[in-house]
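What follows is a short report on a single structure.
The values are calculated or read from the model by the stated rules, or taken from the named source; none is laboratory data. Please read all numbers here as calculations on a predicted model, not as lab measurements. Using ideal geometry, Cβ is built from the backbone for each residue, glycine included, and neighbour counts are taken over all protein chains shown. Accessible surface is based on the protein model in full, side chains and every heavy atom, while ligands, DNA and RNA are left aside. Shrake-Rupley method; radii C 1.70, N 1.55, O 1.52, S 1.80 Å.
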Amino acid sequence: MAERPVRKTRKLIELQVRSAESVGPHLIRIVAGGDGYRHFTDNGYTDAYVKVLFPLPEVAYPEPFDMETIRAELPREDWPRTRTYTVRANNPRTGELTIDFVHHGDEGLAGPWAARAKPGDTLRLIGPGGAYAPDPEADWHLFIGDESAYPAISASLERLPAAAKAIALLEVGTAAEAPTGTLPATHPDLDLATTWITRDAGPTLLDALRALDFPTGRVHAFVHGEAGVVKEIRRHLVDDRGVDRTHISFSGYWRKGRDEDGFQADKAAEKAAERDTEQPA
Ligand SMILES: Cc1cc2nc3c(=O)[nH]c(=O)nc-3n(C[C@H](O)[C@H](O)[C@H](O)COP(=O)(O)OP(=O)(O)OC[C@H]3O[C@@H](n4cnc5c(N)ncnc54)[C@H](O)[C@@H]3O)c2cc1C
């Protein structure tokens, strides 16, 4: 399912970090709130996501910080960089959003920012967008993803009705890292089978999926994570398992060896190339 764009005209949401804590291997949970929260509107999707803004340190931005002014007055290369993150939880009672950032090393903007974040830091974002929530009519649910997809998978598991059937294939670095605290405590009647797949050894996510006995009935699948892995898994589901494309939510959340700017540029170029080949001669 294609990712729906966040409308560019949406109001900038400026929040302050309330807490930053480690909630699993390489996962940093940021809770942020403040006056800007009033501009956040929940869209009801369990994969709701926002674009987090990272201003460039060498650029002097207008005060107050405003994206429309920035777009109108500054050259594109000076606009803040953006990184996409799932809203793990929205708490209207406290006026706070929770976002879980993968800290995948020293490279990048968002991961290292989260690793350094402390209460009082500013978090600017635009959104939300989103496209998926578990289909209550499905007979069972399949969740496949790496750490970047845990937040959306966790939010989706929390949304499943009692006695729903779900299978989760989740990737993790090593067996020792297989998290315990990251997934939510779900409804006790939820029939959930979780398999942790380690990147350092053993079967891959695709191997595990190939070996999986599918329960009977219609599946609703959610497959998100590294783009190359997602593509292979989707192909297997559609071509080998005969799953209807419309019953799969899939999206590359990141691409190995590319930062988000490069990955977005690749996607735009791939779409343009597809359009060109579709044009009648
Ligand atoms: C709709 C959507 C929702 C997302 N939700 C989340 C979320 O809730 N939590 C989350 O952590 N991520 C999420 N992501 C993925 C996140 O946007 C990317 O991982 C992003 O590239 C991280 O930015 P960065 O500045 O840390 O690294 P970048 O500067 O973009 O990349 C630097 C380097 O790190 C590599 N890299 C990027 N991400 C990862 C990773 N996860 N593991 C290993 N290497 C990586 C890149 O390939 C590149 O080589 C989501 C993406 C989308 C599209």
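Annotations
- Residue-level analysis places Asp42 outside the set of residues that are modelled with pLDDT of 95 or more and within 8 Å of the ligand (Cβ to nearest atom).
- Scanning segment 58-87 for residues that are more than 16 Å from the ligand (Cβ to nearest atom), in a loop (DSSP other than H, G, I, E, B) and of a type outside the set (Ser, Thr, Tyr) turns up Glu58, Val59, Ala60, Pro62, Glu63, Pro64, Phe65, Asp66, Leu74, Pro75.
- Across segment 21-40, the number of residues qualifying as open to solvent by 40 Å² or more (accessible area, probe 1.4 Å) and in a strand (DSSP E or B) comes to 3.
- Among the residues of segment 56-78, the one identified as at pLDDT 95 or above and touching a strand residue (DSSP E or B) at 6+ places or on another chain (Cβ under 8 Å) is Leu56.
- Subset of segment 237-252 that is more than 16 Å from the ligand (Cβ to nearest atom) and under 19 Å from Gly145 (Cβ atoms) - its residue that is surrounded by the most Cβ atoms within 10 Å (Cβ to Cβ): Leu237
- Which numbered condition Ala110 misses (of (1) of a type in the set (A, V, I, L, M); (2) closer than 18 Å to Gly225 by Cα; (3) touching a Leu at 6+ places or on another chain (Cβ under 9 Å); (4) within 16 Å of the ligand (Cβ to nearest atom)): (3)
- Checking each residue of segment 17-24 against the condition of being at pLDDT below 95 and touching a strand residue (DSSP E or B) at 6+ places or on another chain (Cβ under 7 Å) gives at least one match.
- For segment 116-126, the count of residues that are assigned to a helix (DSSP H, G or I), open to solvent by 10 Å² or more (accessible area, probe 1.4 Å) and more than 17 Å from Ala20 (Cα to Cα) is zero.
- Condition check for Thr204: open to solvent by 40 Å² or more (accessible area, probe 1.4 Å), in contact (Cβ under 8 Å) with a residue 60 or more places away in the chain, hydroxyl-bearing (Ser, Thr, Tyr) and assigned by TED's automatic domain parsing to the domain that holds Leu192: no
- Filter pass, Gly95 being away from the ligand (no atom under 12 Å from the Cβ) and open to solvent by less than 20 Å² (accessible area, probe 1.4 Å): yes
- Residue within segment 138-161 that is modelled with pLDDT of 95 or more and surrounded by fewer than 17 Cβ atoms within 10 Å (Cβ to Cβ) present: yes
- Segment 215-236, subset in contact (Cβ under 8 Å) with a residue 24 or more places away in the chain and over 27 Å from Phe101 (Cα atoms), residue farthest from the ligand (Cβ to nearest atom): Thr216
- Residue match in segment 253-270 (condition: in contact with a Ser or Thr (Cβ under 9 Å, 6 or more places away or on another chain) and either more than 16 Å from the ligand (Cβ to nearest atom) or in a strand (DSSP E or B) (or both)): yes
- Residue list for segment 41-57, restricted to those being open to solvent by less than 20 Å² (accessible area, probe 1.4 Å) and part of a loop (DSSP other than H, G, I, E, B): Thr46, Asp47, Ala48
- Contacts under 6 angstrom Cβ, first residue in segment 115-140 being under 16 Å from Leu12 (Cα atoms) and touching a residue at least 24 places away in the same chain (Cβ under 8 Å), partner among the polar types (S, T, N, Q) and open to solvent by 40 Å² or more (accessible area, probe 1.4 Å), 6 or more apart: Pro128/Asn43
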